[in-house]
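Undergrad: One structure, pasted below without further comment.
The values are calculated or read from the model by the stated rules, or taken from the named source; none is laboratory data. Since we're looking at a predicted model, the values are computed, not measured. In this analysis, Cβ positions are derived from the backbone assuming ideal geometry, glycine residues included, and neighbour counts consider all displayed protein chains. Only protein heavy atoms, including side chains, enter the accessible area calculation; ligands, DNA and RNA are left aside. Shrake-Rupley method; radii C 1.70, N 1.55, O 1.52, S 1.80 Å.
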Amino acid sequence: MSSEESPADLDELYFGSVPVHLASVGGETIAYSHDEWGPVSDPPAIRTVLERAGRFGPNNDIIVPAIPALDIARLADRSDNPDSEDVSVWPAALRNPLLKVHPESGVPCPDGILKAMASGVRSCVLKTAEGWFRLKGCGNFSDGFIVREVADPLVTADSEVKTVTRQVRGSAWLHTALRENYVLAQLAKALEPQGIIGANAAHGVYLYGPPNQPFGPAVSVPACVVCKTLGDRRLGTHVLAGLELLLPQLLDTTTLDAKALIAEFPPARTALHSIGDPIVSTATLMCDHMLAFEFGVLGMVEETSQGLDFAVPRDGTSMANGSTLKLKHQPLRKGVYPRQWTEKGSKEMDCRWWGLWDRCVGDYNTALARLEDKSPLGYLYSRLGNDCGKILKAMHGQRISWGTYQDELCVDPSQWHCNAHANNLVILSEATGTDMFVGYLDLDMAFDDATFVSVYGKGSPKGTVGTPVADHDILLKREHVNFMEVLAGADASSGVPSVAASVIEAHSDELKLAKTALVDGLILGYRSAYDGPSEKYPVAPFDPDLQEAGHALIKLAIIVMADFLP
């Protein structure tokens, strides 16, 4: 029976359900041992970092990612380190570079790979007898490494000369792959003792050889990050989206009362003018907060301004405590299967998922029966927010930005890239033994204030290494504010896909109010962890029965979004 026909199990639930085919190809495999690697700041190394902001190749039209940070390089000879890891200790199937290929290619999959599932466009996760691994940058879908042509962002739109740039798609690069391994290992040392675990663990890098070098061996050579991994299902695309789509089935909608729900919000919130929604949504509130922050940094409004349109604190004085919200949950029925969603829209639930859905329904109903009047949804949203706050607070405690910076595409001073978002958080199963629901990943753009390099000359002269403490503090606060906005739903990575927007819009006002109160609770839980415990930031205390119900809800949400690739 093929993997498409086999009944889905917990592997598919947590690691993915869209199979891929892998082939062993030529190239080099580099094992990563953390004490052998570190940032390098000699003048030639800095020149290399700065050159990535330019163009490469005989036609000066090839671009590569220019991360604003010192490169990571080997600091010691492997032979001098008795603890150095060698590729020979890796699972045999992983020792040579692996590439996603078409199943019909006829190329055999290496022995020892038990399962392999797509992770987005350019990555996959695979299972061996030694566990699960992530390959980040192992081919664009199953087409290998392709070249994408786009208009050159450095050329103005009204220029008479139209130029294009070319970039390899489907890969990582050596400098981004080494950075991912380095920051993963750095954070693991600091955060694991705090009970905060990453979804990935540093393992190594693939460098691909011919014929998988679209521009040859000297320019933009494809690479791949190799990590051990604990999962692939994302907080935004799979869980927050799935929960919102399931809300009408999870709640007894006949008991929802608009007036009672509005009364859960403080007067400071109900006094705000809302257009189109029964109350100003959390997403709107946090987007307004982010804009006020950016305008404050630019000196256009007071730096202490809480919002442009809504000048209220983003705390319990204006937000509902979703963790204590009295919502009547209802048990689900086995054999009643909701529609699943993909990038193309909804479909009848694939029969492969029926058995697992019914098992998860049974687990949820059993947990729900023990909870009496407790709210599993209120608890789950609050704890998810708290987990997110713990993660970012701990990162920032190490002075590490997840990846917030400006480059040539940021034409306005208020425009920033930000890698702190809901799809860079992966669901952790109960088997991990942690009280947290999520773990962090995607650190190939992360940096700290000591290793930052001014690549584009924005904020400091080009080539400057390091950034003042005060400036970095502002950047970390920007990341914090942006993360809250994204978690509140003001971003495609943290809500239902656009193809399902009409379904959500059709929800009753009562459901919309319930959802807003739940997301308010998520933000308050986040702030309790990030800003510190306070009466202003209520959070649901850990409860083993509610934790069990929360895991059951997460599984149900994932199944609804199982075949959606973030």
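Undergrad: Tell me the angle of helix 174-191 to the major Cα principal axis of the chain, expressed in degrees between 0 and 90 and rounded to the nearest ten.
TA: Around 50 degrees separate the two axes.
Undergrad: Here is a further query. In whole Å, what three semi-axes, largest first, describe the equivalent ellipsoid of the range 328-392 built from its Cα gyration tensor (square root of 5 times each eigenvalue)?
TA: 25, 20, 10
Undergrad: Mind ordering 230-242, 194-206, 468-480, 111-123 by average Cβ neighbours within 10 Å, highest first? All intermediate terms of the calculation are to be shown ahead of the outcome.
TA: Numbers: 230-242: 26.2, 194-206: 21.7, 468-480: 16.4, 111-123: 18.3.
Packing proxy ranking, top to bottom: 230-242, 194-206, 111-123, 468-480.
Undergrad: Restricted to Cα positions, what overall size does the range 184-265 have along the principal axes? Three whole-Å values, descending.
TA: Result, largest extent first: 66, 36, 21 Å.
Undergrad: Let me ask you something else. Compute the angle between helix 469-487 and the longest alpha-carbon principal axis of the chain, please, reported from 0 to 90 degrees and rounded to the nearest 10.
TA: Once rounded, the angle reads 50 degrees.
Undergrad: Roll a 1.4 angstrom probe over the protein heavy atoms and tell me the percent of accessible area of the chain that is carbon or sulfur.
TA: 54
Undergrad: Which three extents, in angstrom, do the Cα atoms of the range 380-473 have along their principal axes, listed largest first?
TA: Cα spread of the range 380-473 along its principal axes, largest to smallest: 48, 24, 21 Å.
Undergrad: Could you state the angle between the C-alpha long axis of helix 241-250 and the longest principal axis of the C-alpha atoms of the chain, as a value from 0 to 90 degrees rounded to the nearest 10?
TA: So the inclination is approximately 20 degrees.
Undergrad: Let me ask something else. If you roll a 1.4 Å probe over the heavy atoms of the protein chains, what accessible area per residue do you get for the chain, in Å²?
TA: 41
Undergrad: Still on this model: Let me check something: with ligands and nucleic acids excluded, how do ILE559, ILE262 order by accessible area (1.4 Å probe), largest to smallest?
TA: ILE262, ILE559
Undergrad: Any idea what % of Cα-Cα pairs in the chain are farther than 42 Å?
TA: Value for the chain: 22 percent of Cα pairs lie more than 42 Å apart.
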